[in-house]
Amino acid sequence: EISQPTFFRYFPSKAAVLYEAASMALDEPLKRVPMLRANAGTAADFLKGLVSTYADVITQQASLTRMIAQHGGTETLKSFICPSALDAMGEVEHQDGKFYEQMQLPFLTQAVEDGQRRGELDPDLPVDQLRGMFWSILCAIVGDWASVTPAPYDLHERFATAVDLFVNGCRGQLGRA
């Protein structure tokens, strides 16, 4: 029960509405992630717990995920996970990048750093690069999953496989020894 101008002051675009809904969906699940880290025996365990939490939100909010993907495809999905994403006109669409700021940066960084410290991941590989590569894998999986109804595969299983491939591939010289 608000006026259209007031609504558009808060939400200047469809993407802004979808972004706010996605942010709200992540609030509670992200609070559980520190406990996942504390209980994880390995970096792979932590990553699997993290992506499972992410998959829970995506599958529980499948309609929202598909709306985000359909609004603009992969680029729009990326804008929901990056800070200061730009809209089609080159203007900042949102500022906070909740997925990026709250999940990719601290949690994925922690997982990679923990893995390197424990000798599970090659310590010579740059943390930022590994984090970005893993996040890109997740984005590709979600984009593919969200583009087809019904979903072409179980998202939890695909994410778990991605973690295994990522961790095994990031062993570098460690894995060859």
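The values are calculated or read from the model by the stated rules, or taken from the named source; none is laboratory data. Bear in mind that the values here come from a model prediction, so they are computed numbers and not experimental data. No Cβ is skipped: glycine too gets one built from the backbone with ideal geometry, and neighbour counts run over all protein chains shown. Keep in mind that these areas ignore ligands, DNA and RNA; they rest on the heavy atoms of the full protein, side chains included. Shrake-Rupley method; radii C 1.70, N 1.55, O 1.52, S 1.80 Å.
Estimated at the nearest 10 Å², the accessible area of Met133 is 90 Å² with a 1.4 Å probe.
Centroid-to-centroid, using Cα positions, region 1-65 and region 115-165 are 17 Å apart. Rolling a 1.4 angstrom probe over the protein heavy atoms with all chains in place gives region 116-177 an accessible area of 56 Å² per residue. Modelled spin labels at Val148 and Met35, positioned 7 Å past Cα toward Cβ, are 3.5 nm from each other. Annotation: amide H of Leu121 within the under-5 Å range of Gln116, sequence separation 5 or more or interchain, hydrogens built in the peptide plane.
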